[in-house]
Amino acid sequence: MIAEISKPPAKPSELTGAEIGTDRSVLKIEQLCVEYRTKEDRQPVKVAVKNLNLAVEPGEVFGFLGPNGAGKTTTMNVLLGFIRPTSGNAYLFGTNVLQPIARQRLGYLPELTYYYKFLSAEELLRFYAKIFKIPKAETERRIDTVLKLVELEHARKRLIKTYSKGMQQRVGLAQTLINNPDLLILDEPTSGLDPIGRMKVREIIQRLKNEGKTVFFSSHELGEVETICDRVAILHEGELKVEGRITELTHFHQCNLEQLFLRVIGYQPQL
């Protein structure tokens, strides 16, 4: 049985479970449910996401947290149009995600990326620019801009197969940015990186925020989430357990984000 986690008293200007988003919300989820059919007789239907309400405002860096199997990737897949919800709705820039036009201003980085490693960073970005039908002259300008942002100018002509894990992750961020999106959805952007690689990705996210981009990302690195996020949501078994500004949550619960996370999922350290 998971102990009930109370939320800080809501102020009129804050988002609450019953008052989701504003007209300006970049991302809004209302009563979202996703169920899967299974082959198990005891549990023919698995509930991956249950009655999720969430909103992300322009310019925010929002941390989407939870243990493995909590429903984070399923929620992202709904936003990206990869799967359809069982019930409820999700919106990007006020448009239902069931309409492809909703994703025109979106950039996405999956947890597991695969690139044609016989390409250079330049060639990869030109490939994605063609997908977005970006004019040739604009393509070259954007390639210069994104490679500078992710600090890969010096390696732009090197084959991706010669890149370190951190460099490959940064070229992934570069392709995410080639269409100059207003919203980025990043699934575990620092997964498998060493401390320097994680730091560089954090710096890139901070630069994107400074440019007015909205970033929605999942991560198991709670220390970095606490450092760069404005607000967080913690899911457990498909349900939203805690949502709010990190400073207010940690002050209200008198603990850091990692301790709060462990409380939410019901983990008791063995001393």
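The values are calculated or read from the model by the stated rules, or taken from the named source; none is laboratory data. As the structure is a computational prediction, the values presented were derived from the model and not from experiment. With ideal geometry, Cβ positions are generated from the backbone for all residues, glycine too; neighbour counts draw on all protein chains shown. Surface accessibility is based on the protein's heavy atoms, side chains included, excluding ligands, DNA and RNA. Shrake-Rupley method; radii C 1.70, N 1.55, O 1.52, S 1.80 Å.
When each of the peptides 120-127, 195-202 is scored by how many other beta carbons lie within 10 Å of its residues on average, the order from highest to lowest is 120-127, 195-202. In the context of the full set of protein chains, region 124-240 has a per residue accessible area of 44 Å² (1.4 Å probe).
Distances between placed amide hydrogens fall under 5 Å for VAL49 paired with VAL34, all partners being 5 or more residues away or on another chain. Rounded to the nearest 20, the Cβ-based charge dipole of region 11-146 about its Cα centre (Lys and Arg +1, Asp and Glu -1) stands at 400 debye. Using θ = phi - 60° in the Karplus curve 6.51 cos²θ - 1.76 cosθ + 1.60, the 3J(HN,Hα) couplings for region 151-162 round to 6, 10, 4, 5, 10, 5, 9, 6, 5, 4, 5, 8 Hz; x is entered for Gly and Pro.
Backbone amide hydrogens, once placed in the peptide plane, bring VAL61 within less than 5 Å of VAL215, ASP230, ARG231, excluding anything fewer than 5 places away on its chain. The amide H of ARG105, built 1.01 Å from its N in the peptide plane, has no neighbour under 5 Å, considering only residues 5 or more places off or on other chains. Rounded to the nearest whole Hz, the Karplus-based 3J(HN,Hα) values (6.51 cos²θ - 1.76 cosθ + 1.60, θ = phi - 60°) of region 125-138 follow the sequence 5, 5, 4, 5, 5, 5, 4, 7, 6, 7, x, 4, 4, 5, with x at glycine and proline. Per-atom-type breakdown for the chain gives carbon and sulfur 50% of the accessible area (1.4 Å probe, protein chains only). Couplings 3J(HN,Hα) for region 49-59, derived from phi with the Karplus relation 6.51 cos²θ - 1.76 cosθ + 1.60 (θ = phi - 60°), are 9, 10, 6, 7, 10, 7, 8, 10, 9, x, x Hz, where x marks Gly and Pro. Mind jotting down the distance between the C-alpha centroids of region 43-120 and region 122-138, whole Å? After rounding, the separation between the Cα centres reads 24 Å. Considering only beta bridges that DSSP places wholly inside region 182-271, some 55 percent are antiparallel.
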